[in-house]
Amino acid sequence: MFNLNINIVINSNREIFIFQLGDDREIIYSVFDSSLITLNSNSLYDKNILNYSVLIDENDIIHLVALINNGELNYYKYIEGKWSKSTIAKFDIKSNIYNQIEILMIKDKLHIIYDYSNLINSNVWTIQHVIYGTEEKHNAIRYVSKRTPDPFIIDVDKQGTIHLLYRNNINNPQIYHVFYSHYTKTWSSLSKQISSDSSNNWLPFLFIDSQDNLHGLWIEEVNNNYQVKYLRMNSSGKEKYIWKDIKLPYIPLSKYPPIIFEENNKLKLISLYNNNIDLLYSSDYGNSWLKEENSETLRQNTILAKVRSNIDKINYIYCNIYDNLKFYFLDSFSYIESPKTSETSSLELENKEIISEPSEIKPDILNGLENKIESILENYDFIHPILNQLLTNQKSMEDKLDNLQKSINSKKSSFLNRFIN
């Protein structure tokens, strides 16, 4: 389900770019508008791509770095609908295995972080960090893992500090935290173990919110009992750089990793169990959590994809990109099933809308409503005097009819008097 070959980008116009590898290991991508309607599909020209990573900067420029099976590391930029390409490095594919590559944009510099192991000793992995356009290059950490290691997880705070979580397989598996300082231009000399020696640990996840608080998640196993472990770290104040264990409401577990993202200043923790996808949410940036009563039914072909967004702070999302495009618990792109394929009655849909949290009104919809209201008010100003005149004419007509009726009655009475006499 966790597919490193699928990347999603959301620009400031709420257009969605979905990147994935095709049959020939070429990068194909589709573009959707804010209503999740497909605008176009296309592909990049290179094939035989081993792995790649995508981000979008604050100017809506898309940056993509891809490792080709001949060892070339290519750098692509998407500006105003056009791609450019350059080869920026040559990797030793014959001697090393390259498993994962991630990119960050920090102070207008492209940071490339990747892991590799030597074919002779494939259980020892090195995470390397290169800043493109400079001479700066670091071995961030070296650790022991299986031949295909768990993905390492990175995020960056507003100061340009890169934080990284990874899983080391010495003895029982443990979760470690290491960081890079933008000011000292060094990685921390020692990794900090943040999991317990008495437990086995899997699937580390890291998220830094808009207030620079760090959130760590993983699956912890003690005596065959499994739970979601959640730690939080402040980036400032008295508890700066201290991981704090915070209890979560009970979460049933599955083999898929829980994740956190931020939308409209609210943190959302997503977890999967059997055929359900559940939501915890926090309005105080992780100090306390509540459980959303209503879960969603998990669809087939649901995946966990990497995301880079200029709208909200989102690094990963559970979604379905193969059927009707759907993002779970992402209100910015609320999903409405087509009536032709929906098995839910209109009454159920109405009830679902009532109990769900209100979605943010999109600017284009709001502008359209304002224009319609202004048009109605202008028409009202035009129609109002006409209606008043009609009412006046109607009152005059009613008065004339009353007078006519009185005259008729008077003449009838006079005629009957004469007839009787």
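Things to note:
- Probe 1.4 Å - accessible area at L290, Å² to nearest ten: 100
- Exposure rank, largest accessible area first [H182, H177; 1.4 Å]: H182, H177
- Compactness of the stretch 165-263, taken as the C-alpha radius of gyration over 2.2 N^0.38 Å, stands at 1.12.
- Taking the three principal axes of the alpha carbon atoms in the stretch 1-53, the coordinate ranges are 32, 23, 18 Å, sorted in descending order.
- Probe 1.4 Å, all protein chains present, accessible-area order of D92, D155, D331, largest first: D92, D331, D155
- Loop-resident sites, the stretch 101-196, for GluC sites (Glu not before Pro), counting at most 14 other Cβ within 10 Å (DSSP): E135, E136
- Rolling a 1.4 Å probe over the protein chains gives L190 an accessible area of about 140 Å².
- Cα-based convex hull, the stretch 69-165, per residue volume (Å³, whole number): 124
- Legend: residues S210, S117, sorted from most to least accessible area (1.4 Å probe; ligands, DNA and RNA excluded), read S210, S117.
- The stretch 63-79 - phi-based ³J(HN,Hα) in whole Hz, Karplus 6.51/-1.76/1.60, Gly and Pro as x: 10, 9, 10, 9, 9, 8, 5, 8, x, 6, 9, 9, 10, 10, 10, 10, 10
- Rounded to whole Hz, the Karplus (6.51, -1.76, 1.60) HN-Hα couplings of the stretch 184-193, x for glycine and proline: 8, 6, 9, 8, 4, 5, 10, 7, 9, 6
- Within the shell defined by Cβ-Cβ distances under 11 Å, the residues around W125 carry a net charge of +2, with Lys and Arg each +1 and Asp and Glu each -1.
- Amide H within-cut-off set for Y316, under 5 Å, with H built and near neighbours excluded: V307
- Packing-based order for 6-17, 223-234, using average beta carbon neighbours within 10 Å, highest first: 6-17, 223-234
- T186 accessible area, assembled protein chains, probe 1.4 Å, Å²: 70
- Dividing the convex hull volume of the alpha-carbon atoms in the stretch 106-237 by its residue count gives 122 Å³ per residue.
The values are calculated or read from the model by the stated rules, or taken from the named source; none is laboratory data. A quick note: this is a predicted structure, and the numbers were derived from the prediction, not measured. Every residue, glycine as well, gets a Cβ built from its backbone with ideal geometry; the counts of neighbours run over all protein chains shown. Side chains are part of the model used for accessible areas, which takes the heavy atoms of the whole protein and leaves out ligands, DNA and RNA. Shrake-Rupley method; radii C 1.70, N 1.55, O 1.52, S 1.80 Å.
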